[in-house]
Amino acid sequence: MVVIAIMSMVMASSCDDTTDTLGNSISNDADKFAILTDTFQVASRSICVDSVLSRTPYSYLGHIRDAETSTYVTANFSTQFGVAELLTEMQLLPKQDSIVSRSDDGKIIADSCFFNIYFNSFVGDTLNAVKLTAYELATPIREGRDYYSNFDPMAEGYVRKDGILKQKVFTYRGLVGTDSLHAVSIPLNDPYTDQNGVTYNNFGTYLMRKYYEDTDNYKNSYNFVNRVFPGFFVKATDGIGTMGEVLLTALQFHFRCYSNDSIIRSGLRIGGTEEVMQTTNIVNDQVRMQRLADDPSCTYLKSPAGIYTEVTLPIDDIKRGHENDTISSAKIVFTRYNRTDDKALYQAPTSVLMVPRDSMFTFFEQRNLPDNVTSYVATYSSTYNTYTFNNISSLVNRQWENRGKSDTWNKVVLIPVSVTTNSSTGAYTNVSNDMSLKSCRLVGGSANTHAPLRISVIYNKFKPD
């Protein structure tokens, strides 16, 4: 019965937002434990990060200014294209002798070829003109390493100097598509010279002939990227006011062939999705970002690749006089400032990750998931305008055990993240840096003029006989 009573006390304490009277209301002389409560002030500040791990399902393209903070951000991306693993007898294209599209000397050709970029969302003015430039890569961006958002394929020498260079001006309002998916189509119908100096009437012809030259070139994504085409680097080179989220990209070529004694129009689409290598390159205005971070009257959460909130937990104060007591609950609530501009493009982050300061990069590199021991996720509440971490007692205990082992032993950071969960269980299946446009100010900072940021703690104190 004692065990049951203890469990009941813990459950009751964790569900009650008010801690002032917990000790009196649920403990008595017959209990072996006393329930004690306390609150402590918490220090916080903003810290700038110049880049984040760009391992996300989506890429981004555009150049935009946030009116609320007067900061600019540009997003570029690279993409590869891949094919599913082919079985021995599988054929992506019809037999060569069935192809009708031929050059004057009888060789197979493509009638047309396009590079398509599919957007599933955007922010900004749909009438603003955007100019993109697509550059052919000379070599594949290799697997086996982590690419951060400051990775620039052009600066790193990945762009082919004499390769495809295509420009396109468009507005999101003018894109063809459905309500949820819009595409920019870039023609690749000019003569194309490959890296061996062979010239084709268009890029699609090159792709077709590489297939018929050796079908193993298309056996899987690795072969295609390394033997046929390394991919594109796409830059936002002009225009301001819009940012698009890229769902996927595709190479598509068309040709005519015989089928059942009729000539039909056929083709092949080779997709670029998260299954092949993609990187997003983010360029921020670092001077303005640092000005925001230096503001002591608040702290910021800003993505992509922007500003985190660093929190110093008062571990020594929490444990002083309670060295032998058990911390059963530690709750901290971060309140968001209301926006000053109703037309601000950036929305508040939906999900925020709390991790120890020394894990803010390795958490993502190691593909970790929140364990509610040293890492936690809080979801923005529009009702209360807050992010609430209901119980970080395990983290507090862990930091007490590690006190003094590093300069950041008692510090955590709040990071905007994008999360994926299992639809049946609700368990997290992926947590990555949020690469979309998100921003908010939190109550805190060394010159905070509002109620202090606090952590509420509940202790279980053993009462000797």
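The values are calculated or read from the model by the stated rules, or taken from the named source; none is laboratory data. Model, not experiment: these values are computed from the prediction. Because the Cβ atoms are built from the backbone with ideal geometry, glycine has one as well, and the counts that use them run over all protein chains shown. For accessibility, only protein heavy atoms count, side chains too; no ligands or nucleic acids. Shrake-Rupley method; radii C 1.70, N 1.55, O 1.52, S 1.80 Å.
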_Being open to solvent by less than 50 Å² (accessible area, probe 1.4 Å) and either assigned to a strand (DSSP E or B) or of a type in the set (D, E, K, R) (or both) is the filter here; which residues of the range 377-396 pass it?_
Val377, Ala378, Ser381, Thr386, Tyr387, Thr388, Phe389
*Within the range 107-155, considering residues that are more than 18 Å from Phe203 (Cα to Cα) and of a type in the set (Gly, Ala, Ser), the one least open to solvent (accessible area, probe 1.4 Å)*: Ser149
*Pairs with Cβ under 7 Å, 6+ apart, first in the range 247-275 and part of a strand (DSSP E or B), second among the acidic types (Asp, Glu)*: His254/Asp111; Phe255/Asp111; Arg256/Asp111
*Quickly run through the range 244-260 and pick out the residues that are over 16 Å from Leu92 (Cα atoms), open to solvent by 10 Å² or more (accessible area, probe 1.4 Å) and in contact with a Ser or Thr (Cβ under 9 Å, 6 or more places away or on another chain).*
Glu245, Leu247, Leu248
*Scanning the range 335-346 for residues that are under 22 Å from His450 (Cβ atoms) and under 22 Å from the mean Cα position of the chain (by Cα), which turns out modelled with the lowest pLDDT?*
Ala344
*Name every residue in the range 35-69 that is part of a loop (DSSP other than H, G, I, E, B) and open to solvent by 60 Å² or more (accessible area, probe 1.4 Å), in order of residue number.*
Asp50, Arg55, Tyr58
*Kindly check whether there is at least one residue in the range 11-18 that is out of contact with any Lys or Arg (no Cβ under 9 Å at 6 or more places or on another chain), at pLDDT 95 or above and open to solvent by less than 40 Å² (accessible area, probe 1.4 Å).*
no
*Looking at the range 318-333, which of its residues are part of a helix (DSSP H, G or I) and over 36 Å from the mean Cα position of the chain (by Cα)?*
Lys319
*Go through (1) under 30 Å from Cys257 (Cα atoms); (2) under 25 Å from the mean Cα position of the chain (by Cα) and name the single condition Asn150 misses.*
(1)
*Exactly one condition in (1) closer than 22 Å to Leu268 by Cβ; (2) in contact with a strand residue (DSSP E or B) (Cβ under 9 Å, 6 or more places away or on another chain); (3) open to solvent by 20 Å² or more (accessible area, probe 1.4 Å); (4) not in a strand (DSSP E or B) is not met by Asp216; state its number.*
(2)
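Quick grid of which residues meet (1) surrounded by fewer than 21 Cβ atoms within 10 Å (Cβ to Cβ); (2) polar (S, T, N, Q):
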{"site": "Val373", "(1), (2)": "yes, no"}
{"site": "Arg398", "(1), (2)": "yes, no"}
{"site": "Asn422", "(1), (2)": "yes, yes"}
{"site": "Thr425", "(1), (2)": "yes, yes"}
{"site": "Thr429", "(1), (2)": "yes, yes"}
{"site": "Ser432", "(1), (2)": "yes, yes"}
{"site": "Gly445", "(1), (2)": "no, no"}
{"site": "Tyr459", "(1), (2)": "no, no"}
*Across the range 221-271, what is the number of residues that are touching a Gly at 6+ places or on another chain (Cβ under 9 Å), closer than 22 Å to Phe203 by Cβ and not hydrophobic (A, V, I, L, M, F, W, C)?*
8
*So, of the residues in the range 181-199 that are assigned to a strand (DSSP E or B) and open to solvent by 50 Å² or more (accessible area, probe 1.4 Å), which turns out to be nearest to Glu245 (Cα to Cα)?*
Pro187
*asked:* Restricting to the range 76-106, count the residues that are open to solvent by 10 Å² or more (accessible area, probe 1.4 Å), at negative phi and either not charged (D, E, K, R) or not in a strand (DSSP E or B) (or both).
replied: 21
*Gly404, sole failed condition from (1) modelled with pLDDT of 95 or more; (2) open to solvent by 40 Å² or more (accessible area, probe 1.4 Å); (3) over 17 Å from the mean Cα position of the chain (by Cα)*: (1)
*Test: Ser418 is touching a residue at least 40 places away in the same chain (Cβ under 8 Å), in contact with a Lys or Arg (Cβ under 6 Å, 6 or more places away or on another chain), surrounded by 15 or more Cβ atoms within 10 Å (Cβ to Cβ) and of a type in the set (Gly, Ala, Ser)*: no
_Those residues of the range 156-177 which are crowded, with 18+ Cβ neighbours inside 10 Å and part of a strand (DSSP E or B), in sequence order_ = Val159, Phe170
*Pairs under 6 Å by beta carbon, first residue touching a residue at least 40 places away in the same chain (Cβ under 8 Å) in the range 443-463, partner charged (D, E, K, R) and in a strand (DSSP E or B), six or more apart or different chains?*
Ser456/Lys331; Val457/Asp38
